[in-house]
Structures are given as C-alpha cells and as structure tokens.
Amino acid sequence: MCNQSPTKILIAEDEGIIGLSLRMELESSGHEVCGVVATGEDAVACAFRSRPDLVLMDINLSGEMDGIEAAQKIRTLRKVRLIFMTGYVDRDLMDRALSLKPLAYVTKPVSIYDLQLIIDTWRNSPHKKVNQKDQQQTVWGEIHRYQGGSV
C-alpha cells in the first residue's frame, strides 16, 4: 500500500466476534475501519456519517433490513464499493447481491488474505485510476468469487 492513504472500511457483520476479528486484521493490514455495525439500519447511518471507501457487508444482518437492502440505500447516498459476505449458498440472494456489481461476493469463513487481495486488486486497478467516479467500474472481471479460510 505504499504512498496510498489507508482504505476506509465499514464492516457490517452481526456476529460480534467475526466483526471484531475482521476489524483487527484489516487495521493490522493498514486499513482504517470507520465502524463495525450489526444491523442494516446502522450500516446506512454509519456510511452516511463516516463516508467509507468500501463496505464489507454481511448479507444476513440483525434488524429489519438485510445487507443487500442496506447496500442499496448506502449507494443512493454515496458512491462506495462493496464486498458481500455470506454463510449461505442461495442463488436468489447471490443474484440480488450481484445486481449491485460488488467487488466480490465471498462465502464464509472469509480469509483475510482473500479480502486483502480483493482490496489490493481494486486499489491498484487501472480502471479505478482512470475513472474513479464511475459506479459501474469494478474489479469483478478480475475477481469473481473467493472462498477462504479463517475469519
């Protein structure tokens, strides 16, 4: 990450131990975690206040709003990149999530190494540097789906 400012990341994860573990791992990798929230409603509010570059979003959250709905609301407020996480293999959920063109859709357990590769690839993507404001530009063609090992 030389010469780049830290990526500001919001973590939306309703399993507290996973959220805290992700926070510690991402911060030790040089990222700035602007919040760890457990509900879709809190994710929307925190994204509005904190202005993250990236939201690491669990699909099944506590509260009334799932992670996909929260991500849609966040995107109406601000241009932000998404990585969806889920412990479920459900085609309808995956199709809903992929309609938002996330950087990645990962299944739990999530490996911090895979997350770091996704983030680094996005940050170093020539598409990002050429057209940062285009919401449709993603690293999706380069990184389709990760399955990992630890978090």
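The values are calculated or read from the model by the stated rules, or taken from the named source; none is laboratory data. Remember, predicted model here, so these are calculated numbers, not experimental data. All Cβ positions, glycine included, derive from the backbone under ideal geometry; neighbour counts span all protein chains shown.
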> How many of the residues in segment 5-25 are under 18 Å from Thr86 (Cα atoms), of a type outside the set (Lys, Arg) and not in a loop (DSSP other than H, G, I, E, B)?
Replying inline: 11
> What number goes with the only condition from (1) without any contact (Cβ under 8 Å) to a residue 60 or more places away in the chain; (2) among the basic types (Lys, Arg); (3) over 18 Å from Ile112 (Cβ atoms) that Arg75 does not pass?
Replying inline: (1)
> Is there a residue in segment 94-101 that is under 15 Å from Gly40 (Cα atoms), buried (at least 22 other Cβ atoms within 10 Å of the Cβ) and touching a Pro at 6+ places or on another chain (Cβ under 8 Å)?
Replying inline: no
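State whether one or more residues within segment 16-24 are in contact with a helix residue (DSSP H, G or I) (Cβ under 6 Å, 6 or more places away or on another chain), in contact (Cβ under 8 Å) with a residue 12 or more places away in the chain and not acidic (Asp, Glu).
So the first thing to find is which residues in segment 16-24 are in contact with a helix residue (DSSP H, G or I) (Cβ under 6 Å, 6 or more places away or on another chain), and the list is none.
Looking through segment 16-24, none of the residues is in contact with a helix residue (DSSP H, G or I) (Cβ under 6 Å, 6 or more places away or on another chain), in contact (Cβ under 8 Å) with a residue 12 or more places away in the chain and not acidic (Asp, Glu).
State yes or no: is Leu20 out of contact with any Gly (no Cβ under 6 Å at 6 or more places or on another chain), crowded, with 24+ Cβ neighbours inside 10 Å and at pLDDT 95 or above? Even if it seems obvious, please write down each step before you answer.
Working: out of contact with any Gly (no Cβ under 6 Å at 6 or more places or on another chain): yes; crowded, with 24+ Cβ neighbours inside 10 Å: no; at pLDDT 95 or above: yes.
No; evaluated as a whole, the condition is false for this residue.
Looking at segment 76-93 only, could you name the residues that are surrounded by fewer than 17 Cβ atoms within 10 Å (Cβ to Cβ) and either among the basic types (Lys, Arg) or farther than 19 Å from Glu15 by Cβ (or both)?
First, pick out the residues of segment 76-93 that are surrounded by fewer than 17 Cβ atoms within 10 Å (Cβ to Cβ): 76-79, 87-92.
If the condition is that a residue be surrounded by fewer than 17 Cβ atoms within 10 Å (Cβ to Cβ) and either among the basic types (Lys, Arg) or farther than 19 Å from Glu15 by Cβ (or both), then Thr76, Leu77, Arg78, Lys79, Arg91, Asp92 are the ones that fit.
If you take the residues in segment 42-75 that are closer than 21 Å to Trp122 by Cβ and of a type in the set (D, E, K, R), which one is surrounded by the fewest Cβ atoms within 10 Å (Cβ to Cβ)? If you could, list the steps in order and put the result at the bottom.
Our first condition is that a residue be closer than 21 Å to Trp122 by Cβ; within segment 42-75, this holds for 43, 46-47, 50-59, 67-68, 70-72, 74-75.
Next, from what is left, pick out any that are of a type in the set (D, E, K, R): 51, 53, 58, 75.
Working: Arg51: 13, Asp53: 19, Asp58: 27, Arg75: 17.
My answer is Arg51.
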> Of all helices (runs of 4 or more DSSP H) completely enclosed by segment 34-123, which ones contain at least 2 residues that are closer than 16 Å to Arg23 by Cβ?
Replying inline: 40-50, 112-123
